[in-house]
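Below is one structure; the comments refer to it alone.
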Amino acid sequence: MRNPAPLIVGLLLGSAPLVGAAESPAQHSPAALEFFEKKIRPILVDNCYNCHSASTNAKGGLRVDDRNGLLVGGNAGKAIVPGKPDQSLLIKAVSYTDDKLEMPPKKQLTDQQVADLRQWIADGAAWPASQVDSGIAAGKPNPKYEKLKKEHWAWQPLKAVAAPSVRDSAWPKTDIDRFVAAGLEGKNLKPVADADKLALIRRATFDLTGLPPTPEEIAAFVNDVSPAAFEAVVDRLLASPAFGERWGRHWLDVARYGESTGSSRNLPFPHAWKYRDYVIDSINADKPFDRFIQEQVAGDLLPSKSPAEHDQNLIATGFLALGVKDVNQRFRVRYIMDNVDEQIDTVSRSVLGLTASCARCHDHKFDPIPQADYYALAGIFTSSDLCAGLKNKMGGGGLDYYEPKLQLTLSTKKSAPPAADVEKLSKELAQAKKEWDAIRGTPEGTSRGANGQPKQRPFRLRYEALQTQFNTLTDPSLQGEVALGVRDAQEIADTPIRLRGEAEKLGPVVSRGFLSVVDLPGAAKVNPQQSGRLELAQWMTNKENPLTPRVLANRVWQHLFGQGLVKSVDNFGVTGDKPSHPELLDYLATRFQQNGWSIKKLVREIVLTRSYQLSSDDLPAAVAIDPGNQFIWRHAPRRLEAEEIRDATLAASGKLDAKRPDGSAAKSLQVREQRNNGPEAAKFATIARNSVNRSVYLPLIRGWVPTSLEVFDFADQGMVTGSRDATTVSPQALYLLNDPFVRTQSLALAERVLGRSELDDAERIGLAYQLALGRSANGKEIERARKYIADYEADSKAQVASAVIPGANAVTQTPAGEGETSQGGTAVPPPINVDQAVQEEVIVKDDAAKPKDVKAAAWASFCQALLGSAEFRYLK
């Protein structure tokens, strides 16, 4: 983007034409401003401010105490259209020509006041300018910016680098290894030995698919002595549908994927799962990453060869729609600008590794991103409709927040409802709302009826019932398939800088464009007839833009080595980390582009290096020099991520269903507020606990994250998360000891090995080790497990006997009455079935995890110990 400073100066001095719907107040003449102060402001203050200002509840979402509030309007639409009083709702309201829209409600304005308002709008709706910060007014760029743009490593062009020569030329297998070896030699470090085959196949299988290798896959690899054995394993894993599920989840972390709004009113996104499936399918198809980004930012503006491709392009834009939203924000303009800020933050950090949203209120304090650049991007997003099926409203209920029209219609369509039915129901709904509005908040509305309920309750229930019927009748998602995403707005315009970031305080208008931190002279300019998202997507994926390939290459490295070459994977700015191997990063980014932006090829090239295949052994001498393993002298062990732990548990028990489920459990939810302690939350907790699908398909209502994911540091669904935390806290141990899911799968694993009747107990123990840990048990482990199982059975029987009949001398086995025996004329419990007692009293109380006898209980406990072990959770 060109330097915006001259434009800003021109706008403020009146030497440049203004663009967009929000004109600068500097346009208005002194006479027009005087007319506003003398005639118009008093009307607004005396008649409107009590209900429609920042200091009140702004009924209908409308503010009239600033010009932008009137321009944007409230729930009913724009209040004024400068130059067109007859198209302005404000004039319609004050003229009393529509009995459904009469303002002020209790006192009609005089004819002269209405005439003054008409003249004010016809003349352009003059309004005094807000005080512009001196730096913006002068158009002065930050003096540090040019120096930073020339010196900071991340913003320099990609360099064509050759692999360095190294002293130990026998060690490297690939050019990547040569970069690593050069770094090691520069620090006088030596790498550890190569990993053994068992560790290597378990590492690669989890890293590429998020699942453990099967015993058959392990045996095949261990017995394959050919030089290409590991290469064959890698190719098999890359071709597996599980690859897209694993690596698609990595992108969903970055895309802050969730199936509800979160924030103060948590409303579901019933169609979010379509974006999830789009991501997984794109990764599995190895869609070029530049195309992948273009579809997510501007899919609706891309040509398509078929209805199916058109639909996928629309679904892809869900990337911009699925963030956290405060639908309870009373002011529409703030709601819009907050969502724009969330989109800018997501796009800039996920793709570019830049914290551009820090420039919302002022020039970025650290990176060369002026406030004008932020609003150059903001204009692109204010020119786009956010189609998340929602609108803002303060204190709404029922389906008040649902806006069916703000959804993207896919190719599959059904017949529209009869127009007469829609009109009839619309009138009934309007009447019900009028009756409810008339009584709520009044003494009559708050008095109690015969049933003890406020009198307004029946009116509200009738209104909400009709509201549901109307939405059901007219909902596009019921007339055909819909998706969440974005589309170009009807009004395309540049947007003003917001002074100090306040949505209503307008500064000079800035042309739509891109961040000036990276200068791409040949980049396409924004099409004035479109939002600019297409050109933004093209700018981000331009082959000369060094940020996008560097950021992605670094993300891939981080997922394979535990930390990125740049540790701050979401921040390549001045406050982020410097790359440990800058030449290697440029090599990877360049190779990524040369190989058609293929993620699979980049993963394959890295995994086949000797650096990736090192063991995780410690070397005291290396630890002393490089305790953080920055120079990759070994492969860093890692704890499995939450999904891997859950999926590996299901795989071990034999219960994992690898098929993709039909959508998401969240698709059945109506767009109503979901309470964290409501019945739906409990229902979804049960769904998550009982599901045997891969974890990527669990419903992810914000605030309802399944326990199996939440306890092991699941991604923050509210922001870009390129790197998850890995904590060790007590709730994790408690989960592994007590959670019904863990106990159920432990029992299933026990039943799986006990079902192998041709095996003896030692062989069954060995099988359990194979299924859970991917290796055979040694002799000591087998003996220890056998003793544990035997002791468990004995202790359980003794515990039940002493707990159920303490102090009993003898119990006859002859029935004496229903369910009882007699002992000296005293009724006593019936004879004890020890296995049943263990099942009901000692082990668990939930039905899904009840062993059928003591033996099953003992083996289930042993299997739970395996699934709860550190070896199960950690990858070497």
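Worth a mention:
- Residues that are touching a strand residue (DSSP E or B) at 6+ places or on another chain (Cβ under 9 Å) and either of a type in the set (D, E, K, R) or not assigned by TED's automatic domain parsing to the domain that holds Thr261 (or both), drawn from region 331-354: Arg332
- Of all residues in region 303-349, those being free of Cβ contacts under 8 Å to residues at least 12 places away in the same chain and of a type outside the set (S, T, N, Q) number 3.
- Long-range neighbours under 9 Å by Cβ, at least six apart or interchain, first residue under 25 Å from Pro213 (Cβ atoms) and touching a residue at least 60 places away in the same chain (Cβ under 8 Å) within region 775-791, second surrounded by 15 or more Cβ atoms within 10 Å (Cβ to Cβ) and among the hydroxyl-bearing types (Ser, Thr, Tyr): Arg775/Tyr769; Ala785/Tyr769
- Extreme residue, surrounded by the most Cβ atoms within 10 Å (Cβ to Cβ), among residues of region 604-613 that are under 32 Å from the mean Cα position of the chain (by Cα) and either farther than 17 Å from Asp196 by Cα or of a type in the set (D, E, K, R) (or both): Ile606
- Qualifying residue in region 651-666 (condition: under 30 Å from Lys567 (Cβ atoms), at pLDDT 95 or above and either among the β-branched types (Val, Ile, Thr) or out of contact with any helix residue (DSSP H, G or I) (no Cβ under 6 Å at 6 or more places or on another chain) (or both)): no
- Note on region 72-89: residues that are within 40 Å of the chain's Cα centre (by Cα), crowded, with 21+ Cβ neighbours inside 10 Å and part of a helix (DSSP H, G or I) amount to 1.
- Among residues of region 831-871, those that are assigned to a helix (DSSP H, G or I) and either at pLDDT below 50 or outside the structural domain of Asp791 (by TED's automatic domain parsing) (or both), counted: 10
- Test for Asp300: is it over 30 Å from Glu680 (Cα atoms) and in a helix (DSSP H, G or I): yes
Rundown of residues vs (1) assigned to a helix (DSSP H, G or I); (2) in the same structural domain as Trp120 (by TED's automatic domain parsing); (3) at pLDDT below 85, yes/no style:
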{"position": "Leu11", "(1), (2), (3)": "yes, no, yes"}
{"position": "Ser53", "(1), (2), (3)": "no, yes, yes"}
{"position": "Asn57", "(1), (2), (3)": "no, yes, yes"}
{"position": "Leu70", "(1), (2), (3)": "yes, yes, no"}
{"position": "Ile91", "(1), (2), (3)": "yes, yes, no"}
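- Looking only at residues in region 93-127 that are assigned to a helix (DSSP H, G or I) and acidic (Asp, Glu), the one that is farthest from the chain's Cα centre (by Cα) is Asp111.
- Hits in region 256-268 (condition: closer than 30 Å to Ser568 by Cβ and either surrounded by fewer than 24 Cβ atoms within 10 Å (Cβ to Cβ) or out of contact with any helix residue (DSSP H, G or I) (no Cβ under 7 Å at 6 or more places or on another chain) (or both)): Gly258, Ser260, Thr261, Gly262, Ser263
- Flag for Tyr792 being farther than 28 Å from Asp196 by Cα and not assigned by TED's automatic domain parsing to the domain that holds Lys850: no
- Matching residues in region 72-115 - criterion: being of a type in the set (Ser, Thr, Tyr) and closer than 21 Å to Pro42 by Cβ: Ser88, Ser95, Tyr96, Thr110
- Take the conditions (1) touching a residue at least 12 places away in the same chain (Cβ under 8 Å); (2) out of contact with any Asp or Glu (no Cβ under 8 Å at 6 or more places or on another chain); (3) more than 30 Å from Phe872 (Cβ to Cβ); (4) not in a loop (DSSP other than H, G, I, E, B); Arg591 misses just one of them, which is (2).
- Among residues that are in the same structural domain as Gly60 (by TED's automatic domain parsing) and either among the hydrophobic types (A, V, I, L, M, F, W, C) or modelled with pLDDT of 90 or more (or both), Asp116 is included.
- When region 703-755 is filtered for residues that are part of a loop (DSSP other than H, G, I, E, B), closer than 23 Å to Ala682 by Cα and among the β-branched types (Val, Ile, Thr), the ones remaining, listed by number, are Val705, Val711.
- Boolean, Ala652 is in contact (Cβ under 8 Å) with a residue 24 or more places away in the chain, more than 22 Å from the chain's Cα centre (by Cα) and part of a helix (DSSP H, G or I): yes
- Residue count for region 595-616, restricted to those that are touching a His at 6+ places or on another chain (Cβ under 9 Å) and part of a helix (DSSP H, G or I): 1
- Selected residue [among the hydroxyl-bearing types (Ser, Thr, Tyr) and crowded, with 22+ Cβ neighbours inside 10 Å] from Ser616, Ser664: Ser664
- From Glu763, Glu758, residue being part of a helix (DSSP H, G or I), free of Cβ contacts under 8 Å to residues at least 12 places away in the same chain and either charged (D, E, K, R) or over 30 Å from Asp662 (Cα atoms) (or both): Glu763
- Hey, Asp300 more than 24 Å from Asp338 (Cα to Cα) and of a type in the set (Asp, Glu) or not: no
The values are calculated or read from the model by the stated rules, or taken from the named source; none is laboratory data. Computed from a prediction, not measured in an experiment: that's the story for all the values here. Because the Cβ atoms are built from the backbone with ideal geometry, glycine has one as well, and the counts that use them run over all protein chains shown.
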